[in-house]
2 protein chains.
Amino acid sequence: MPARRRRKGMALVAEPARTTTRLVTTRQRVVVVGGGFGGLEAVKALRRLPVDVTLIDRNNYHLFQPLTYQVSTAALSPDDIAEPLRAIFRGDRNVRVLMGEVDQLDLERRLVTLRPGIDGLEEETVPYDTLVVATGSSYSYFGHDEWRPLALEVKTLDSALRVRSRILAAFESAELAEDEDARSRWLTFMVVGAGPTGVEMAGQIAELARDTLPGDFRAIDPSAGRVLLVEAAGRILPAFPEALSERARRALDDLGVTSLAGHTVIDVDPQSVQVRRPDGESERIACRTVVWAAGVEASPLARVLAEASASEVDRAGRVTVEPDLTLPGRPEVLAIGDMARLRGGALPGLAPVARQQGRYAGRLIGDRLAKRPTPPFRYRDRGNLATIGRARAVADLHRLRLTGFPAWAIWLVVHLVYLVGFENRAVVLVRWAYNFFTHGRGGRLITHT
Amino acid sequence: MPARRRRKGMALVAEPARTTTRLVTTRQRVVVVGGGFGGLEAVKALRRLPVDVTLIDRNNYHLFQPLTYQVSTAALSPDDIAEPLRAIFRGDRNVRVLMGEVDQLDLERRLVTLRPGIDGLEEETVPYDTLVVATGSSYSYFGHDEWRPLALEVKTLDSALRVRSRILAAFESAELAEDEDARSRWLTFMVVGAGPTGVEMAGQIAELARDTLPGDFRAIDPSAGRVLLVEAAGRILPAFPEALSERARRALDDLGVTSLAGHTVIDVDPQSVQVRRPDGESERIACRTVVWAAGVEASPLARVLAEASASEVDRAGRVTVEPDLTLPGRPEVLAIGDMARLRGGALPGLAPVARQQGRYAGRLIGDRLAKRPTPPFRYRDRGNLATIGRARAVADLHRLRLTGFPAWAIWLVVHLVYLVGFENRAVVLVRWAYNFFTHGRGGRLITHT
């Protein structure tokens with residue numbers, strides 16, 4: 001049976017001519033689902049091994065998610081922070097890339113079902129010997145999914161462009177508004193969740209309003225816009241040391257951002273948001289633009305994996321994995337990144353965790369081929385960065401805590417280094433330099449309303 | 001009556017605080033509809049005059065249309081070739097920008113009706129003393145509007161991104177195709193219309209397939225893709241001298257583009273295009289991707305203008321204007337650019353014509369204020385450029401005809417100079433340099449399927 005399965009699912013091998021020949025391969029087939037940080041690093045670790053790798057993603061590109069908020073605030077362009085997966089692996093003949101959704105997994109028969117992302121193409125089943133699932137997470141509305149269509153997110157390129165258009169359109173609407181009330185509603189922006197993304201987003205909206213847009217309008221003063229940053233925890237950036245949280249709060253305050261720590265969102269409608277204040281009283285805040293950057297909800301595949309194995313999901317929907325990132329009782333299936341929870345100690349949902357787990361997955365598969373044991377996964381925490389705006393950031397490097405320009409410089413270098421693609425790096429550097437010196441933001445285009 | 005109208009429509013004047021005060025102005029109110037090349041130059045000429053200018057566009061940006069085809073072939077990013085209108089005129093306090101559609105004009109009462117581009121905002125009427133209409137043109141399907149949804153266009157940013165996604169998705173589909181027939185259908189691309197845009201588009205698809213994509217796929221060879229360029233006239237680039245047409249044809253041939261001059265499209269369906277060959281026989285060509293770059297159809301406002309004046313429209317729907325670009329019997333209304341036809345001699349639908357007419361409109365209005373006469377509009381034809389691909393172009397500078405690298409260098413400099421915005425120029429230069437040296441195209445993202 002395994003032999004027959006193997007023959008059915010042999011890798012496609014390219015020939016110089018136009019025809020395709022399906023060859024029988026006896027190499028191990030590894031399927032990686034998800035081309036985010038985890039999946040990308042896994043495939044990079046696997047490409048030098050004698051295995052056939054299939055990387056499946058719903059998009060044809062890897063998105064450098066930590067900078068999507070800059071697309072939503074018109075500082076960067078979608079093309080700058082995404083790189084085609086095929087381009088990344090073009091030189092690796094043992095890696096093939098397929099574009100499609102995966103929502104069915106057959107762990108019994110070791111099959112992944114792929115729904116192609118293009119209309120009119122048929123479903124395809126892809127067999128595996130080893131499966132790495134790295135499909136990430138989305139924001140959580142804490143049981144209030146009815147708020148999802150009212151709020152904006154900076155998760156995908158498409159949603160980031162929608163945020164951009166909505167923020168810019170809010171200023172346009174304010175310019176045309178009939179009365180002071182409507183105008184102030186359009187000029188109030190709320191960001192929910194004060195982790196690094198929320199803090200960065202709030203800072204960028206404030207800079208857009210204060211530094212970029214003044215002069216553009218005739219009836220309104222964009223810098224009179226209000227930016228509110230709502231956080232349920234007692235302080236913003238709760239994962240950072242308290243002193244850095246406070247520095248970040250002050251830096252945001254300088255930019256005109258009001259931090260509302262200890263506030264919980266209890267209702268969202270198209271015209272306002274209701275929050276519960278730390279004193280227990282509730283307050284309704286009139287605002288037309290809400291950006292959601294709170295909570296984490298693992299990809300639905302986490303539950304599929306848990307149900308097909310002896311594992312379980314936690315409150316955030318993450319599947320519990322063994323210390324070697326495999327599913328309990330399914331050593332041939334690994335789950336990594338935001339969608340997985342290490343048995344014995346959850347790790348934060350950060351890019352470095354996903355990247356290190358991706359590399360570990362590749363190493364584990366290589367060790368198994370070489371019949372070497374692999375020590376359990378260990379996360380090497382190199383620190384935490386959050387930027388607030390131009391020359392304003394906080395960096396927690398454990399032994400070293402930085403704020404202001406030095407932290408911002410580190411943030412900048414780290415993001416440029418990790419960004420994929422030479423063209424992307426060069427273009428981002430040009431845009432950042434332009435923005436630094438002129439406060440200009442070339443991407444102020446309303447395209448997704 | 002005119003005084004009352006004037007009071008109703010006074011300009012909005014900004015104050016440093018949040019409130020808006022509507023002030024009475026006795027300055028002449030000029031409304032410019034359309035922020036393309038014509039409208040932009042008109043406002044630039046008007047901003048130094050003692051008039052109040054309102055610029056209305058359906059988008060919040062000026063699009064540098066001659067490079068949209070590079071967005072559709074992943075060489076440039078949407079943000080690179082568009083500049084916010086508000087940013088262009090931020091320093092000109094007598095210019096206000098409104099975002100919205102105009103489809104009603106009341107020439108009798110001198111009112112423009114604006115439908116805001118943002119949901120939930122109410123219609124607004126904007127009064128004028130002088131009106132400049134510059135709403136351009138779209139492609140013409142020669143009475144076959146049923147082909148429009150089947151074909152792709154590179155006119156707007158949104159349509160350019162759709163072309164990009166569809167071209168890239170065609171390669172993805174070919175990679176997954178079940179049989180040779182389906183594969184070849186996905187790998188055949190047809191461009192209809194061999195003016196500069198069609199030629200540039202065909203050349204870029206060929207370069208994408210031959211130079212950028214090989215190595216990216218495993219089951220197909222992208223360079224085996226076919227690009228067909230269909231032109232009803234007897235040769236491609238019919239507006240160029242015959243020798244340059246022939247040089248362009250040969251350059252396209254080198255890139256693998258098949259030029260089908262003297263061919264007319266007689267039917268389009270989702271799987272194929274039927275053409276009539278020069279010998280009178282018809283042929284059905286299997287192809288899934290058709291890019292339309294043929295014919296010109298003036299903006300519907302041209303007909304509105306003709307019907308409200310003593311003017312008429314020509315076969316392309318353009319309104320006939322006097323030698324000073326005004327409507328017959330309506331000296332306070334000007335129509336410029338692609339949507340207008342000069343009485344006594346039509347001009348080509350090119351950016352330089354629109355730009356010169358925009359400047360002329362500004363000059364005419366200034367002369368009237370100064371009670372100076374203005375000589376009739378005269379087009380200064382500085383020549384014609386078309387690029388075919390990397391270091392391949394043709395330039396007809398009348399006294400000088402260039403091909404190859406020199407023509408391409410001129411094309412490149414001219415486009416960089418006319419592109420609006422310093423950041424755009426810097427980024428486009430980086431992307432072109434990167435593409436020139438590596439054949440890379442960073443924008444290979446499927447985002448609009």
>> In whole Hz and in residue order, list the ³J(HN,Hα) couplings for region A:236-244 that follow from phi through the Karplus curve 6.51 cos²θ - 1.76 cosθ + 1.60, θ = phi - 60°; x for Gly and Pro.
In response: 6, 6, x, 7, 9, x, 4, 5, 6
> Per residue Cα convex hull volume for the protein assembly as shown, in cubic angstrom?
Replying inline: 167
> Which residue of chain B is nearest the rotation axis onto chain A, counting by its Cβ, and what is the distance in whole Å?
Replying inline: B:Ser77, 2
> Measuring from a point 7 Å out along Cα→Cβ, what nm distances, shortest first, does A:Gly234 have to its partners in the other copies?
Replying inline: 8.7
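Per-residue mean of other chain beta-carbon atoms within 10 angstrom of the beta-carbon, peptide B:56-66? Mind showing how you got there, number by number?
Details: counts 0, 0, 1, 3, 10, 7, 0, 1, 0, 0, 0.
Across B:56-66, the average partner-chain Cβ count within 10 Å equals 2.
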> Which FRET efficiency value, to the nearest 0.05, do you get for A:Thr125 and A:Gln274 by plugging their Cβ-Cβ distance into 1/(1 + (r/R0)^6) with R0 = 60 Å?
Replying inline: 0.80
> How far is A:Arg368 from itself in the other copies, in nm, if each label sits 7 Å out from Cα along the Cα-Cβ line, shortest first?
Replying inline: 7.9
>> What does the net charge come to around B:His448 if you take all other residues with beta carbon closer than 10 Å to its beta carbon, with K and R at +1 and D and E at -1?
In response: +1
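Taking the inverse of the average 1/r across all pairs of different Cα atoms in region B:145-294, what Kirkwood radius in Å do you get? Before the final figure, lay out each step's value.
On the way: mean 1/r = 0.0645 Å⁻¹.
One decimal place: 15.5 Å for the Kirkwood radius.
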> Are there GluC sites (Glu not before Pro) in region B:301-385 that DSSP marks as loop and that have at most 15 other Cβ atoms within 10 Å, and which are they?
Replying inline: B:Glu312
> Given H placed 1.01 Å from N in the peptide plane, which residues other than close sequence neighbours of B:Gln274 have an amide H under 5 Å from its amide H?
Replying inline: B:Ile266, B:Asp267, B:Val268, B:Asp269, B:Ile285
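In the structure shown, do any of A:Lys155/B:Lys155; A:Lys155/B:Lys44; A:Lys44/B:Lys155; B:Lys155/B:Lys371 have a Cα-Cα gap over 31 Å, and if so which? All intermediate terms of the calculation are to be shown ahead of the outcome.
Numbers: A:Lys155/B:Lys155 29 Å; A:Lys155/B:Lys44 39 Å; A:Lys44/B:Lys155 39 Å; B:Lys155/B:Lys371 39 Å.
Cα-Cα > 31 Å for A:Lys155/B:Lys44; A:Lys44/B:Lys155; B:Lys155/B:Lys371; rest within.
For region B:188-292, which GluC sites (Glu not before Pro) pass both filters: DSSP loop (anything but H, G, I, E, B) and at most 10 other C-beta atoms within 10 Å? Intermediate values should be presented prior to the final figure.
Details: sites: B:Glu200, B:Glu207, B:Glu231, B:Glu242, B:Glu246, B:Glu281, B:Glu283; in loops: B:Glu281.
Hits after loop and neighbour filter: B:Glu281.
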> B:Asp181 versus A:Ser282, label points 7 Å from Cα toward the beta carbon: distance in nm?
Replying inline: 6.3
>> Which residues among region A:37-62 fall inside the zone where the amide N is under 16 Å from a point 7 Å beyond the Cα of A:Thr374, along Cα→Cβ?
In response: A:38-54
> In the neighborhood of B:Leu305, defined by Cβ-to-Cβ distances under 11 Å, what is the net charge if each Lys or Arg adds +1 and each Asp or Glu adds -1?
Replying inline: +1
>> As I understand it, the value is the acute angle between the Cα axis of helix B:37-46 and the longest principal axis of the Cα atoms of chain B; what does it come to in degrees, rounded to 10?
In response: 30
> In square nanometres, what is the average projected area of the Cα convex hull of region B:231-327?
Replying inline: 9.2
> So what is the relative contact order for chain B, in percent, with contacts set as C-alpha pairs under 8 Å and at least six apart?
Replying inline: 19
> Between B:Arg96 and residues 5 or more places away or on another chain, which pairs have amide H atoms under 5 Å apart, with H built 1.01 Å from N, and which residues are they?
Replying inline: B:Val53, B:Thr54, B:Leu55
> Helix-derived [θ] at 222 nm for chain B: sum -39500 (n - 2.57) over DSSP H runs of at least 4, divide by residue count, nearest 500?
Replying inline: -9500 deg cm²/dmol
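Can you pull the Rg over Rh of chain A, Cα-only, Kirkwood? It would help to have the intermediate numbers written out before the result.
Values: Rg = 23.2 Å, Rh = 23.3 Å.
Rg/Rh for chain A comes to 1.00.
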>> Label position 7 Å from Cα toward Cβ: report the copy-to-copy distances for A:Asp267 in nm, one decimal, ordered from shortest.
In response: 6.1
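Values quoted throughout were computed directly from the atomic coordinates according to the rules given, and no laboratory measurement underlies them. Small disclaimer: the values here were computed from a predicted structure and weren't measured. All Cβ positions, even for glycine, are placed from backbone atoms using ideal geometry, and neighbour counts span all protein chains on display.
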